[in-house]
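Worksheet: one structure, shown below.
The values are calculated or read from the model by the stated rules, or taken from the named source; none is laboratory data. Keep in mind the model is a prediction, meaning the values are calculated, not measured. Glycine also receives a Cβ, built like all others from the backbone with ideal geometry; neighbour counts cover every protein chain displayed.
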Amino acid sequence: MIGTSVSPRPTTLSARAARRLAEGPLDAVTLMRDVCQVERLQADAAERMAAALLGSHPEFLRLPTGHWTLQAVAYPAGHQTAPSTARVAGSARVAESAGQSPRLLDLPFAVVDVETTGTRAAGGDRITEIAIVQVQGGQVGEVYSQLVNPERPIPPYITSLTHITWDMVRDQPTFREITSNVLDRLRGSIFVAHNAPFDWRFVSEEVRRGSGQELSGPRLCTVRFARAALPQLSRRSLDHVTRYFGIEIAARHRAAGDALATAHALCRMLNIASEHGVESWTALQAFVDGPVGTRPRTASDRRRRAFPLPVTKDDIA
């Protein structure tokens, strides 16, 4: 099964590489610097190190761009021993008889949005609200939304943005109390968010704090997806992308409203990717990682030349 999973924290170099690549493809220099924890590394040396470290593991794939990524690996029926990195990455292995990357229409996506007390997941800031929207087969499904007691004060400037007050979360469960509910909705799905590294860091930190386990698996950032799918847009904030598609955000800067809007935008961008022949998870990773503006233009691109309405706020989230 491809998707998010939890496991003990990895310690081997290949496991570190799998965790890092679960965030998206990386060039050899960046990957080897992070994995081997070295500050300076020549490109040719990094290429040799990456090939030596990852080349024998089928779940690692070097793309034509020179970037490394994770790919699905088919194992024979009854196969009992999976590579250690597949156990850590969770998403990098799929038990199928056919040796192909899973089709996008077959994959479940979990679209996540969190509201927080600040921007420092490892610096003491906490989640105040989380929403998870299920998407599969191009259809938006169940919506899970929960206010969370962050066990610390909410700064006034955060309240002015999210309208979440201490009185609203005082009697709500802590994240530790809802960890199992969250994991039930993430497990086995592709983790999706608009500016995914932000949401992933906070959810990972809360899961680690609440269960002592490490969250791992494939991630899809819809900001990066929009750069590839909508190269005609100069900005890819959630406001810009949803306004472009004519998607209404029912409650901006609240977890459920933002996650639901992101889910609908995801479905639209998956359709665009499909128009360009992207039908598998591996192909989608390569599409998202490709140089902006280099993919072939279709008739649908030419029809989408401008925003239907102007957008003037929020350039990131």
Mind listing whichever residues of the range 231-281 are in a loop (DSSP other than H, G, I, E, B), under 19 Å from the mean Cα position of the chain (by Cα) and either modelled with pLDDT of 95 or more or of a type in the set (S, T, N, Q) (or both)?
Ser237
Looking only at the range 95-133, which residues are at pLDDT below 95, in a loop (DSSP other than H, G, I, E, B) and either of a type in the set (Gly, Ala, Ser) or closer than 19 Å to Arg185 by Cα (or both)?
Ala95, Ser97, Ala98, Gly99, Ser101, Leu107, Gly124
When you scan the range 231-248, how many residues do you find that are in contact (Cβ under 8 Å) with a residue 60 or more places away in the chain and either buried (at least 22 other Cβ atoms within 10 Å of the Cβ) or touching a Leu at 6+ places or on another chain (Cβ under 7 Å) (or both)?
4
Are there any pairs with C-beta distances below 6 angstrom linking a residue in the range 249-263 that is under 13 Å from Gly141 (Cα atoms) to a residue that is aromatic (Phe, Trp, Tyr) and assigned to a helix (DSSP H, G or I), with the two at least 6 apart or on different chains, and if so which?
none
Exactly one condition in (1) closer than 20 Å to Gly3 by Cα; (2) surrounded by fewer than 21 Cβ atoms within 10 Å (Cβ to Cβ); (3) touching a residue at least 60 places away in the same chain (Cβ under 8 Å) is not met by Phe225; state its number.
(2)
Hey, among Arg170, Arg152, which residue is touching a strand residue (DSSP E or B) at 6+ places or on another chain (Cβ under 9 Å), assigned by TED's automatic domain parsing to the domain that holds Gly210 and among the charged types (D, E, K, R)?
Arg170
Name the single residue that is surrounded by the most Cβ atoms within 10 Å (Cβ to Cβ) among those in the range 104-130 being of a type in the set (Asp, Glu) and over 13 Å from Phe175 (Cβ atoms).
Asp113
Single match in Glu206, Glu177 (criterion: buried (at least 19 other Cβ atoms within 10 Å of the Cβ), among the charged types (D, E, K, R) and assigned to a helix (DSSP H, G or I))
Glu206
Residue list for the range 144-168, restricted to those being part of a helix (DSSP H, G or I), surrounded by fewer than 19 Cβ atoms within 10 Å (Cβ to Cβ) and touching a residue at least 12 places away in the same chain (Cβ under 8 Å):
Leu161, Trp166, Met168
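Residue-by-condition table, conditions (1) of a type in the set (Ser, Thr, Tyr); (2) in contact with an Asp or Glu (Cβ under 7 Å, 6 or more places away or on another chain); (3) outside any loop (DSSP other than H, G, I, E, B); (4) crowded, with 19+ Cβ neighbours inside 10 Å:
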site: Arg16; (1), (2), (3), (4): no, no, yes, yes
site: Arg20; (1), (2), (3), (4): no, yes, yes, no
site: Val38; (1), (2), (3), (4): no, no, no, no
site: Leu61; (1), (2), (3), (4): no, no, yes, yes
